[in-house]
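Engineer: Attaching a single structure in structure tokens format; questions to follow.
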Amino acid sequence: MKKSILLLMLSLCFCFANTSFAQKTVTTTKTSYQNVQARMPQVLVQPLVKPLIAEVKVIEEAKTKHTLYLTSQEVIDLGDNLESTHNYGIFKFAEAVGADMIVAATFDFHTSKKSEGEQGDFTLVIHGFPAKFTKWYTATPADYEWMRITGAEGANNPVIKSVK
């Protein structure tokens, strides 16, 4: 009797185990991938441009201050990094004073205290010397050596390197 009850219980367990496994469904997904590569002649148009040289004339002899107020959204739109914020500030400063560049710029970027007259969440204060480019001319072979020494952009050009 004990054997038959034990046998019955084991067979019931086995039946329940089989039905639970039988109820599982397996789904397969078919994927495909293709990579094609071909060779074809390409004609690249890359004009050579002679370097330009310009002098920088400082507009104001005294260091000038420019303050810019930015909202949190503006800072996020600028890429949420300090370098982009500084570049934007330099652009707005130069635009406000009619300059081409700001020489020796220093920055103070901080959270605004929302005192009277402040409109933004952040304050960017820039100090520098507004300047303009003057006396533009095409670089001469005499300028190439100076460009090589200073590591100016374009100085590694083979044409410039070959000029003595």
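The values are calculated or read from the model by the stated rules, or taken from the named source; none is laboratory data. Note that the coordinates shown come from a computational prediction; the quantities given were computed from them, not determined experimentally. Note that each Cβ is placed from the backbone with ideal geometry, even for glycine, and that neighbours are counted across all protein chains shown.
Engineer: Of the residues Ala142, Ala105, only one is without any contact (Cβ under 8 Å) to a residue 24 or more places away in the chain, exposed (fewer than 12 other Cβ atoms within 10 Å of the Cβ) and small (Gly, Ala, Ser); which?
Structural biologist: Every option except Ala142 fails the conditions.
Engineer: Where in segment 40-128 are the strands (runs of 3 or more DSSP E), entirely inside, with at least 1 residues that are at positive phi and at pLDDT below 95? Don't jump to the end; show me each part of the working.
Structural biologist: Working: elements: 52-58, 64-70, 101-111.
In segment 40-128, the matching strands (runs of 3 or more DSSP E) lie at 101-111.
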